[in-house]
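Engineer: One structure, pasted below without further comment.
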Amino acid sequence: MPYTFKKSLELFARAARVIPQGIPGHLTPVITVPGSYPYFAAKAKGCRFWDVDGNEFIDYMCGYGPMILGYAHEKVDEAYRKQARLGSCTSIATNLSVDLAEEITKTIDCADWVMFAKNGADATSMAVMLARGFTKRDKIVLAEEGYHGTQPWAGTNPVGITPTDRADILMVPWGDVNAFCEVMARHKGQVAGVMFTPYHHPVFADQRLPGPSYWPEMRRICDEHGIVLIIDDVRAGWRLDLRGSGHYFGIRPDLACYSKAMANGYAISALVGSERLRITASKAYFAGSFWCNAPEMAAAMACLEEMKAIDAPKVVKELGETLMKGLGERAAAHGLKVSITGPPAIPFMKFANETNFMRSQLFCGECASRGVFFHPHHNWFLSTAHTPQDIAQTLDAADEGFRVVKEKFGG
Amino acid sequence: MVNEAVLSRVYLEAVLPCLELLTLRDTRASQLAARWNGSIRFCVGLSGPRCTVELRDSRATVTPAPLPRPDVGLFFPHEIMLNNLFRGKGLQIALPWKGLTKIKGLLTFSKLAERMQEVLESKDRETLELRAELMLGLMSRAIAVLARHDPDYKVQASHLHGVTEFRIRTGSASHVDFSGGTTKASVGRASSPDFILEFADSPLFLDVADDKVDVLAKACLGEISLKGDLHMGQIVNIALDKIGEYLL
Ligand SMILES: Cc1ncc(COP(=O)(O)O)c(C=O)c1O
């Protein structure tokens, strides 16, 4: 039965009347391939979700990263439910905040302390403030095309950002040590911190991994200039190495930001830091109405325990390798050139001979109408719930997708 | 923030060329144009933008290159003065360095400009298609002006390589080519666009131009289609917002 999206569309028509954009934020890929993608999900289990029209998808977006163990994971969900029955947003913090902080400091190698919040953007904003508070300087260096949330200083929002909001933000290309040094020289004594993702995962482009000397060199320069080195591990965190992506790439940051896969889909984030920033962190006032919610912390505890028990990074890496290899082979068999980049657990594929993503949009649309949910211009995610059979089924759908691309574009 | 120097280029290079289509398609405008044969040259400052409007046989032609012997020459010492003329307010000093006596030409031009504004702002059904076509051309030309001259937008546009096409599903189109050294706008479809913004019909396009539409929601409903290089689309969208600020 071909996939149809009648109910999705009806629901969207209602949404558009009461919610600006209908689905704020996560509108792509729907918008890029209208008619090929569902708009609203009804339920999810394991690596699959079902939309409101009953269409089934193997999901390679994993909620844009938070789902790592599979949707509706028994252990994590039960931990959440059990704690919810005991109380959710209590007036004072619960023991779980202590238990979870201890667990994280034992797990992430640069974490001497932890502060909790809800979203990745909370953690990255706290990191920026602490870097400034610690150094008593103003400027923050970020990478071009990097993403750290929608808050004004991060600059991604096209609406309502004033030049003042970004006055102390300096941009450099990711991975370019020389450009970083130039900025340092130009703003000597003014730079408080640098926040980069552990590897470069921009949209609309290949992902780029750091060379072996990149992070050690960055560490050296930051130390030389007294700059706080921040790794935004919100997206990559927990999928590459449970000790942190810094550990994976051989670097010990001063601060690191976590969220997404931390509780397999429950809303929680964490800023972790090294000893030397502890006192500054102790003087800051960071709080949110829901930041101490215990059920999310219980979910994070259960998620951490499970990720350790099954060695989640190893599982997702192997699955990702199978997917990447299979996609490369199928594309080649059709005479198509693709570039598959990034770590296997968080891969991305684009067509090598185009910059306008028309082939990618067609390919992803074709895959979606065959039950495989890829994104045409954003990196994908593997979960431990994907199985080799899911990947085999995915590759069959991809094969058809490649065939259609070949037919339409010829190469 | 409106940059007056850029705005003067938007008026001369994006808005004034609308007169060509207007006199071709709008009876009232062509009747007005028929009242005078001659050319008017606009010059802003010593090195600012220039443009010549030529009226001949009830049609207008607008060229950036100065014609050798215009009948009327208007010199604006500062771009604000030209902009005030188009905004219809403030100090509008132009020094008529040539053709001071050709009052009829100036009057005809000013009537034509009024008619253009009337059509661009009209809500009439009869002028709807023309208005949409005028706006499509204006939009592409204005984007090209910003990409060439707006200090902030220039930087963003310099990363773009390829062609953006705006089109109405059933009708006209315009496109902007960012691939060469200088960004160029043209009317009609592009041969191989990299980003296509397509509107189901003219009323919808005009509502978008008037900033009355939730574009992303309409895209999900299939009434607007965004295809291809969405990154280019995002950067083009910044220009569209800026044009709104410039021409409010
Ligand atoms: C690297 C990175 N940092 C920060 C964020 C912001 O996280 P959130 O959306 O939870 O605020 C994201 C979200 O995608 C991200 O990928």
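Engineer: Only residues that are in contact (Cβ under 8 Å) with a residue 24 or more places away in the chain and touching a strand residue (DSSP E or B) at 6+ places or on another chain (Cβ under 9 Å): list them for segment A:331-348, please.
Structural biologist: A:A331, A:L336, A:K337, A:S339, A:T341, A:G342, A:P347, A:F348
Engineer: Next question. Would you please name the residue that is nearest to the ligand (Cβ to nearest atom), looking only at residues in segment A:125-136 that are touching a residue at least 40 places away in the same chain (Cβ under 8 Å) and in contact with a helix residue (DSSP H, G or I) (Cβ under 8 Å, 6 or more places away or on another chain)?
Structural biologist: The extreme case among them is A:V128.
Engineer: Further question: In segment B:61-81, is there at least one residue being crowded, with 21+ Cβ neighbours inside 10 Å, modelled with pLDDT of 95 or more and under 30 Å from B:T127 (Cα atoms)?
Structural biologist: No, that holds for no residue.
Engineer: Looking only at segment A:194-219, filter to residues that are more than 16 Å from the ligand (Cβ to nearest atom) and small (G, A, S); which one of those is nearest to the chain's Cα centre (by Cα)?
Structural biologist: That would be A:G211.
Engineer: Pick from A:D122, A:D109: which is more than 16 Å from the ligand (Cβ to nearest atom) and either touching a residue at least 40 places away in the same chain (Cβ under 8 Å) or in the same structural domain as A:H200 (by TED's automatic domain parsing) (or both)?
Structural biologist: A:D109
Engineer: Considering each residue of segment A:155-193, count those that are farther than 20 Å from A:Q207 by Cα, small (G, A, S) and within 16 Å of the ligand (Cβ to nearest atom), and give that number.
Structural biologist: 2
Engineer: Still on this structure: Six or more apart or on different chains, Cβ atoms under 7 Å: show the pairs whose first residue is in segment A:140-151 and in contact (Cβ under 8 Å) with a residue 24 or more places away in the chain and whose second is of a type in the set (V, I, T) and within 11 Å of the ligand (Cβ to nearest atom).
Structural biologist: Pairs that qualify, where the first residue is in contact (Cβ under 8 Å) with a residue 24 or more places away in the chain and the partner is of a type in the set (V, I, T) and within 11 Å of the ligand (Cβ to nearest atom), are A:G146/A:T197; A:Y147/A:T156; A:H148/A:T124; A:G149/A:T124; A:T150/A:T156.
Engineer: Pick out the one residue from A:A72, A:A13, A:A79, A:A41 that is open to solvent by 60 Å² or more (accessible area, probe 1.4 Å) and more than 16 Å from the ligand (Cβ to nearest atom).
Structural biologist: Matching residue, one of A:A72, A:A13, A:A79, A:A41: A:A41.
Engineer: So which residues in segment A:137-146 are more than 13 Å from chain B (Cβ to nearest Cβ) and within 12 Å of the ligand (Cβ to nearest atom)?
Structural biologist: Listed by number, the residues that qualify are A:L142, A:A143, A:G146.
Engineer: Of the residues that sit in segment A:22-67 and are aromatic (F, W, Y) and away from chain B (no Cβ under 14 Å), which one is farthest from the chain's Cα centre (by Cα)?
Structural biologist: Per the stated criteria, the residue is A:W50.
Engineer: Moving on to the next point. Got a sec? Which helices (runs of 4 or more DSSP H) wholly within segment A:292-411 have at least 3 residues that are surrounded by 24 or more Cβ atoms within 10 Å (Cβ to Cβ) and within 14 Å of chain B (Cβ to nearest Cβ)?
Structural biologist: Helices (runs of 4 or more DSSP H) meeting the threshold: A:358-368.
Engineer: Just one of the numbered conditions (1) in a loop (DSSP other than H, G, I, E, B); (2) within 13 Å of the ligand (Cβ to nearest atom); (3) open to solvent by less than 60 Å² (accessible area, probe 1.4 Å) is not true of A:T150; which one?
Structural biologist: Result: A:T150 fails condition (3) only.
Engineer: Does A:M115 satisfy being under 23 Å from A:H247 (Cβ atoms), open to solvent by less than 50 Å² (accessible area, probe 1.4 Å) and within 12 Å of the ligand (Cβ to nearest atom)?
Structural biologist: no
Engineer: Considering only strands (runs of 3 or more DSSP E) fully contained in segment B:21-90, which possess at least 1 residues that are touching a Gly at 6+ places or on another chain (Cβ under 8 Å)?
Structural biologist: Passing ranges, in order: B:38-44, B:50-56, B:72-76.
Engineer: Could you tell me which numbered condition A:A236 fails, if it satisfies all but one of (1) crowded, with 23+ Cβ neighbours inside 10 Å; (2) within 30 Å of A:N353 (Cβ to Cβ); (3) more than 16 Å from the ligand (Cβ to nearest atom)?
Structural biologist: (3)
Engineer: Given A:L242, A:L277, which one is more than 16 Å from A:D122 (Cβ to Cβ), in a loop (DSSP other than H, G, I, E, B) and more than 12 Å from the ligand (Cβ to nearest atom)?
Structural biologist: After applying the criteria, what remains is A:L242.
Engineer: Please enumerate the residues belonging to segment A:212-228 that are open to solvent by 40 Å² or more (accessible area, probe 1.4 Å) and either within 14 Å of chain B (Cβ to nearest Cβ) or not basic (K, R) (or both).
Structural biologist: Result: A:P212, A:S213, A:P216, A:E217, A:D223, A:E224, A:H225.
Engineer: Go through segment B:207-248 residue by residue and tally those that are of a type in the set (S, T, Y) and either more than 7 Å from chain A (Cβ to nearest Cβ) or assigned to a helix (DSSP H, G or I) (or both).
Structural biologist: Residues in segment B:207-248 being of a type in the set (S, T, Y) and either more than 7 Å from chain A (Cβ to nearest Cβ) or assigned to a helix (DSSP H, G or I) (or both): 1 in total.
Engineer: Among the residues of segment A:16-37 satisfying the criterion of being open to solvent by 10 Å² or more (accessible area, probe 1.4 Å) and at pLDDT 90 or above, which is nearest to A:E56 (Cα to Cα)?
Structural biologist: Selected residue: A:I23.
Engineer: Hey, another quick one. Just checking, which of B:G162, B:G228 is open to solvent by less than 30 Å² (accessible area, probe 1.4 Å), in contact (Cβ under 8 Å) with a residue 60 or more places away in the chain and in contact with a Pro (Cβ under 9 Å, 6 or more places away or on another chain)?
Structural biologist: Answer to the check: B:G162.
The values are calculated or read from the model by the stated rules, or taken from the named source; none is laboratory data. Since this is a predicted model, take the numbers as computed values, not measurements. Every residue, glycine as well, gets a Cβ built from its backbone with ideal geometry; the counts of neighbours run over all protein chains shown. Calculation scope for accessible area: heavy atoms of the full protein, side chains included, ligands and nucleic acids excluded. Shrake-Rupley method; radii C 1.70, N 1.55, O 1.52, S 1.80 Å.
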